[in-house]
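The values are calculated or read from the model by the stated rules, or taken from the named source; none is laboratory data. The structure presented is a predicted model; accordingly, all values stated were derived computationally and were not measured. Here the Cβ is made from the backbone with ideal geometry for all residues, glycine too, and neighbour counts use every protein chain on show.
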Protein chains: 2
Amino acid sequence: MGDAEHAEERPLANGKTRVDFQTEPARYRHWRLAVDGDVAALVMDVDEKAALFEGYDLKLNSYDLGVDIELADALQRLRFEYPQVRALILRSAKPRVFSAGANIRMLAGASHAHKVNFCKFTNETRNGIEDLSENSGIKSISAINGTAAGGGYELALATDYIMLVDDGAAAVSLPELPLLAVLPGTGGLTRVSDKRKVRRDRADAFCTTEEGVKGKRAVEWRLVDEAVAGSKFDEAVAARAKEFAANSARAAAAPGIELKPLSRSFAPDGVDYGSVSVELQRATRTATVTLRGPAAPPPASTAAMVALGADFWPLALARELDDAILHIRFNELDVAAIVFKSSGDPDQVLAYDRFLDANQDHWLAREIRLFWKRALKRVDLTSRSLVTLIEPGSCFAGTLAEIPFASDRSYMLAPSLSSSASGGGLGSGRDGDNKPPAAIALGEANFGAYPMANGLTRLQCRFLANPADLDAAKAERGNRLDAARAQQLGLVTFAVDDIDWDDEVRVFLEERSSFSPDALTGLEANLRFAGPETMESKIFARLSAWQNWIFQRPNAIGEHGALKRYGTGRKPVFDTRRV
Amino acid sequence: MGDAEHAEERPLANGKTRVDFQTEPARYRHWRLAVDGDVAALVMDVDEKAALFEGYDLKLNSYDLGVDIELADALQRLRFEYPQVRALILRSAKPRVFSAGANIRMLAGASHAHKVNFCKFTNETRNGIEDLSENSGIKSISAINGTAAGGGYELALATDYIMLVDDGAAAVSLPELPLLAVLPGTGGLTRVSDKRKVRRDRADAFCTTEEGVKGKRAVEWRLVDEAVAGSKFDEAVAARAKEFAANSARAAAAPGIELKPLSRSFAPDGVDYGSVSVELQRATRTATVTLRGPAAPPPASTAAMVALGADFWPLALARELDDAILHIRFNELDVAAIVFKSSGDPDQVLAYDRFLDANQDHWLAREIRLFWKRALKRVDLTSRSLVTLIEPGSCFAGTLAEIPFASDRSYMLAPSLSSSASGGGLGSGRDGDNKPPAAIALGEANFGAYPMANGLTRLQCRFLANPADLDAAKAERGNRLDAARAQQLGLVTFAVDDIDWDDEVRVFLEERSSFSPDALTGLEANLRFAGPETMESKIFARLSAWQNWIFQRPNAIGEHGALKRYGTGRKPVFDTRRV
């Protein structure tokens, strides 16, 4: 079944059996994180022999997913472990090369699914660099000492300020189209046109010129901010970084917290973390992700929160959820639907939210909220059907209520007439257990803390038709809402009687796994993001969709296609018909 | 070369050799246009034996491109031939069926390029229905008497008001995903989420439910505006149409003008119209489209304009340009680049613009401007490289200056030092001719009359980086700008000396035809539309890109895919890996 190029995934290097998103600076092979006072430098020095998969070398600071996992990790550590940092320099340790971009042999041999997921993750990492600037007060500078080609230049585009050495050789370029017959897949076109606002005809010329643009023309065309003579380059970069640090609004803060390794236990059909578990039902192509509420009330003070560090429940949960989603994306391609469940006390979840609200100016509380924002966006952008089951004993409240709102559908168990008559409102009547009836609760966090890629909160997006519905929901903050009320307010898709519950859920999951995975990807990518578009949503929805299409076309990936022929000395042969 | 499904285009029916976009009511096979006072009805009554291509029948009011060409023609005639119409009813002549949507057998057997171009054209037609309401005061109603499935419901979504007969059977549906493993390709998802603002979880349920939604639930879910009992349906539709007509701002106008047949002469390597010519350079995969300026000054009065009717130069040119672009899109798939040229007097072009400006409240002047807006959008959305050559004797002024601004690049001939020294500014020195030197001129029309799909004018979009550049350009209205000045103002990409001209243009065209057509499509779709997004731009850029991807995937079009297996009694078999 399926297309030939999809038939086998390339083996991971060193006999690994899954892509792992957890790492730490001591294990980095490709980056060095150097912090000097309020300025940090991320130095790219890719180890060409340390590729993630077998079959290619990472020459000239080219990268694969493994390189980007380290970058993403380093950015997280900057946020949490180095709260004193106020400016970031991205630079290369290789002479005359900043980065050659995504490794071409890796791309040429990757499955379609890996190419798409790889681009999505690298996009998320680059958006994280912009979030660092916009919301955490860490302005970033790219110090381009030589060639910044393709993904190398796209990485620079994610920083606030691009400095290019003016030596008659160093150039920025997006040579994907002329060289490989694909697009710059990591936001390059969108950032050129929408962030740097390069005039469209110049952008056209730039993106079709293999060798790129150098020096003064690069400045004139707005491709870089400054071209500096080689002899003055390092000094100029350092001075600019100092200037950015001085103007940063990030509070000079106390010591950070350590992002200690996640405690995970992998089994053949799942992963268990402290506050998250993933159970795979392979027969139904379902992954159940259960989020566990806090075991204790929130700490009494911000000092106590800092002392808890990575064990502080909201941070622990965000890290685990993020890792779980990435694990499913990359390692469990066959999962059709993610079923979210939760267990715990909704009031405790809301209490943590109130703690974070009350301390929103504290650097750690702020970074945790920003992490949740990014983790929830990762959920939104996950190409699987998302469904939340709201059952007795669950705790979809406040921050966790964003999960049903991020889902394509939610089902909420409504006590049946018989059980509510007999049980007096306690328990659902299912299995005679004593769990409290299914409830959902809203908090302040549902009304601004977690915008989606399109700039709207999930509830704003949900209630586009009638903003009064948003006001009605807002008026219910703090209340436990039962299924009838939640449905009336439009917060859940279906309130289902316990008599019908099992059948309805089963039929939905069976149906979902019977549909074409591709069509579902397209459907969900369109229906999840009503309303306005932002640069970020354009990158994921417009640019990525075109790139996915091109990644599937024989002109790129066919026997005679450009990706396959690159480096063979033979020119690609194209089907010339325009589509 | 190329993918198998691309290898042969399906033959046109009746031995035709090209898709023809010209028709007229007397030749319609599928629609009837009935005008009664200020209310028009477009009655869909598809002749199942009159398909455009061989190999399928158009059952149950399903449609192919031929059906949509008639619809597009009828909408144009409503604008120009029936200025008294103020409301439009779309209805079906078939019992219990409104429309079954795009014909599935047609889709299953169509080449990828045809599917994509077909969806683009039908999208443009539906956007035209919305433009009719927004800018021409013709509100539209869909009277759904039975099944409105897929493209049938998408057609209804383009109207202002959807009325559904409430008989327990009539339903609206978007069954593409469950039935065919593709998306609704004519704006359906975007209009459901962004126009009708259907809650996303309900939209998910709706789009995955083959049988669709009926009656009161369809109203509650905002899928239709009104569900009316069968016995009262016709009466209710008529009353609603009368009400819309009464509230329309369209001036009750004088008799319309006749859109008489275009005079065209087809040759093996081109088409000649009165004011437009298309010359194909097959060796270089180029189509040169030359626009000819007016032969006479504008008429003295609006009455004289009406008397000229379809011969009035701006209208004649718009019709011919529109037809030429569609001809290239569908019949000349191998063309890589469209080269725009013009010949004529720029001052005369500006004089016509001033005439239209001065009479902008006249219904015909207004409709001509709106036609130009749509024709220019058609150019923007044409998936070929677009380049304008601004040479001596050309007339890219005012409305026609939108052509270089719509192009991916423009080249403008600058008099060389030697020729300007000897010729005193007259002539370019090329070939010793006496044409006036290349000039471009702006008019009022470049600053608002012709917004792109993203809602910006082409100059706004061009000068996003610095709005002061827009002001500088505006200050030059009416002036003839030579190459140096035009380049200084940022209005052209490259000003090229006559010594280098031939080489530069040749190299550009060679380069363009050497690139992957698919990658160019993606590049241009991204770089042409910087800035904000609208529902329209989302339909073309987000929804269409995903659909194009899905149209290429084995799960839809492979041997075991859903499109291929539909109607065979055999279920599709999917590669279940999510991408």
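Hey, among A:GLN348, A:GLN281, which residue is without any contact (Cβ under 8 Å) to a residue 40 or more places away in the chain and surrounded by fewer than 21 Cβ atoms within 10 Å (Cβ to Cβ)? It would help to see each step written out before you state the result.
Details: A:GLN348 fails: without any contact (Cβ under 8 Å) to a residue 40 or more places away in the chain.
The conditions single out A:GLN281.
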>> Restricting to the stretch A:166-202, name every residue that is over 27 Å from the mean Cα position of the chain (by Cα) and either over 20 Å from A:ILE144 (Cβ atoms) or of a type in the set (A, V, I, L, M, F, W, C) (or both).
In response: A:ALA169, A:ALA170, A:ALA171, A:PRO178, A:LEU179, A:ARG199, A:ARG200, A:ASP201
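What residue, among those in the stretch A:57-112 that are assigned to a loop (DSSP other than H, G, I, E, B) and basic (Lys, Arg), is surrounded by the most Cβ atoms within 10 Å (Cβ to Cβ)? Explain how you work it out, then say what you get.
As a first pass, look at the stretch A:57-112 and keep what is assigned to a loop (DSSP other than H, G, I, E, B): A:57-58, A:64, A:82-86, A:93-96, A:100, A:103, A:110-111.
Going one step further and asking which of them are basic (Lys, Arg), we end up with A:86, A:94, A:96.
Values: A:ARG86: 26, A:LYS94: 19, A:ARG96: 13.
Among them, the one singled out is A:ARG86.
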> Would a scan of the stretch B:389-401 turn up a residue that is surrounded by 23 or more Cβ atoms within 10 Å (Cβ to Cβ), hydroxyl-bearing (Ser, Thr, Tyr), closer than 29 Å to B:ARG126 by Cα and in contact with an Asp or Glu (Cβ under 6 Å, 6 or more places away or on another chain)?
Replying inline: yes
> Could you say whether any residue in the stretch B:542-565 is more than 7 Å from every other protein chain (Cβ to nearest Cβ), outside any helix (DSSP H, G or I) and over 26 Å from B:ALA181 (Cβ atoms)?
Replying inline: no
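This table checks each residue for (1) without any contact (Cβ under 8 Å) to a residue 12 or more places away in the chain; (2) surrounded by fewer than 23 Cβ atoms within 10 Å (Cβ to Cβ); (3) over 28 Å from B:ASN117 (Cα atoms); (4) more than 14 Å from every other protein chain (Cβ to nearest Cβ).
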site: B:ASP167; (1), (2), (3), (4): no, yes, yes, yes
site: B:GLU176; (1), (2), (3), (4): no, no, no, no
site: B:LYS197; (1), (2), (3), (4): no, yes, no, no
site: B:ASP204; (1), (2), (3), (4): yes, no, no, no
site: B:ASP225; (1), (2), (3), (4): no, yes, yes, no
site: B:ALA229; (1), (2), (3), (4): no, yes, yes, yes
site: B:ALA251; (1), (2), (3), (4): no, yes, yes, yes
site: B:ARG264; (1), (2), (3), (4): no, yes, no, yes
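Is it the case that the stretch A:333-342 has a residue that's away from chain B (no Cβ under 14 Å), touching a Cys at 6+ places or on another chain (Cβ under 7 Å) and at pLDDT 95 or above? Reasoning before the result, please.
At the first step, the residues of the stretch A:333-342 found to be away from chain B (no Cβ under 14 Å) are A:339, A:341-342.
Now restrict to residues that are touching a Cys at 6+ places or on another chain (Cβ under 7 Å): A:342.
From what is left, the residues that are at pLDDT 95 or above are A:342.
Checked against the condition, which is being away from chain B (no Cβ under 14 Å), touching a Cys at 6+ places or on another chain (Cβ under 7 Å) and at pLDDT 95 or above, the stretch A:333-342 yields at least one hit.
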> Here is a list of conditions, (1) at pLDDT below 95; (2) farther than 21 Å from A:GLU258 by Cα, and A:ASP361 meets all of them except one; can you say which number that is?
Replying inline: (2)
>> So A:ALA519 passes all but one of these: (1) surrounded by fewer than 22 Cβ atoms within 10 Å (Cβ to Cβ); (2) facing chain B (nearest Cβ under 9 Å). Which condition number does it fail?
In response: (1)
> Does the stretch B:41-61 hold any residues that are in contact with an Asp or Glu (Cβ under 8 Å, 6 or more places away or on another chain) and not aliphatic (A, V, I, L, M), and which are they?
Replying inline: B:GLU48, B:LYS49, B:PHE53, B:TYR56, B:ASP57, B:LYS59, B:ASN61
>> Suppose the filter is among the hydrophobic types (A, V, I, L, M, F, W, C) and modelled with pLDDT of 95 or more; does A:LEU426 pass it?
In response: no
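Within the stretch A:538-546, can one find any residue that is within 20 Å of A:LEU107 (Cβ to Cβ) and more than 17 Å from the chain's Cα centre (by Cα)? Before you say what the answer is, go through the steps one by one.
The first filter runs over the stretch A:538-546 and keeps only residues within 20 Å of A:LEU107 (Cβ to Cβ), leaving A:539-540, A:543-546.
Checking which are more than 17 Å from the chain's Cα centre (by Cα) leaves us with A:546.
Yes, some residue in the stretch A:538-546 is within 20 Å of A:LEU107 (Cβ to Cβ) and more than 17 Å from the chain's Cα centre (by Cα).
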>> If the requirement is being surrounded by 14 or more Cβ atoms within 10 Å (Cβ to Cβ), of a type in the set (Val, Ile, Thr) and closer than 26 Å to B:PHE80 by Cα, which of these qualifies: B:VAL271, B:VAL335?
In response: B:VAL271
>> Any residue that is surrounded by fewer than 17 Cβ atoms within 10 Å (Cβ to Cβ) and in contact (Cβ under 8 Å) with a residue 40 or more places away in the chain - is there at least one of those in the stretch A:468-487?
In response: yes
> Can you find even one residue in the stretch A:368-375 that is in contact with a Phe, Trp or Tyr (Cβ under 7 Å, 6 or more places away or on another chain) and farther than 30 Å from A:PRO415 by Cα?
Replying inline: yes
>> Give me the residue from the stretch B:524-537 that is more than 7 Å from chain A (Cβ to nearest Cβ) and in a helix (DSSP H, G or I) and, out of that set, nearest to A:LEU386 (Cα to Cα).
In response: B:MET535
>> Can you tell me which residue is nearest to B:ARG565 (Cα to Cα) among those in the stretch B:180-190 that are at the interface with chain A (Cβ under 10 Å from one of its Cβ atoms) and not small (Gly, Ala, Ser)?
In response: B:LEU180
>> Name the single residue that is nearest to the chain's Cα centre (by Cα) among those in the stretch A:511-523 being of a type in the set (S, T, N, Q) and in a helix (DSSP H, G or I).
In response: A:THR521
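Can A:VAL289 be described as under 22 Å from A:PRO392 (Cβ atoms), touching a Lys or Arg at 6+ places or on another chain (Cβ under 9 Å) and not acidic (Asp, Glu)? Lay out the reasoning, then the answer.
On the way: under 22 Å from A:PRO392 (Cβ atoms): yes; touching a Lys or Arg at 6+ places or on another chain (Cβ under 9 Å): yes; not acidic (Asp, Glu): yes.
For A:VAL289, the condition - under 22 Å from A:PRO392 (Cβ atoms), touching a Lys or Arg at 6+ places or on another chain (Cβ under 9 Å) and not acidic (Asp, Glu) - is met.
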> Do we find that B:LEU389 is outside any loop (DSSP other than H, G, I, E, B), hydrophobic (A, V, I, L, M, F, W, C) and within 14 Å of chain A (Cβ to nearest Cβ) in this structure?
Replying inline: yes
> Restricting attention to the stretch A:243-256, does a residue exist that is touching a strand residue (DSSP E or B) at 6+ places or on another chain (Cβ under 6 Å), modelled with pLDDT of 95 or more and farther than 18 Å from A:LYS197 by Cα?
Replying inline: yes
> Which condition breaks for A:GLU511 when tested against (1) more than 12 Å from chain B (Cβ to nearest Cβ); (2) at pLDDT 95 or above?
Replying inline: (1)
> Of (1) over 21 Å from the mean Cα position of the chain (by Cα); (2) under 21 Å from A:PHE371 (Cβ atoms); (3) of a type in the set (Asp, Glu), A:GLU24 satisfies all except one. Which?
Replying inline: (1)
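Against the condition of a type in the set (Asp, Glu) and buried (at least 23 other Cβ atoms within 10 Å of the Cβ), how does A:ASP498 come out, does it pass? I'd like the intermediate steps shown before the answer.
Details: of a type in the set (Asp, Glu): yes; buried (at least 23 other Cβ atoms within 10 Å of the Cβ): no.
For A:ASP498, the condition - of a type in the set (Asp, Glu) and buried (at least 23 other Cβ atoms within 10 Å of the Cβ) - is not met.
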> Exactly one of (1) in a helix (DSSP H, G or I); (2) of a type in the set (S, T, N, Q); (3) surrounded by fewer than 17 Cβ atoms within 10 Å (Cβ to Cβ) is unmet by A:THR568. Its number?
Replying inline: (1)
> Residues of the stretch A:34-56 being surrounded by fewer than 21 Cβ atoms within 10 Å (Cβ to Cβ) and in contact with a Pro (Cβ under 7 Å, 6 or more places away or on another chain), which ones?
Replying inline: A:GLU54
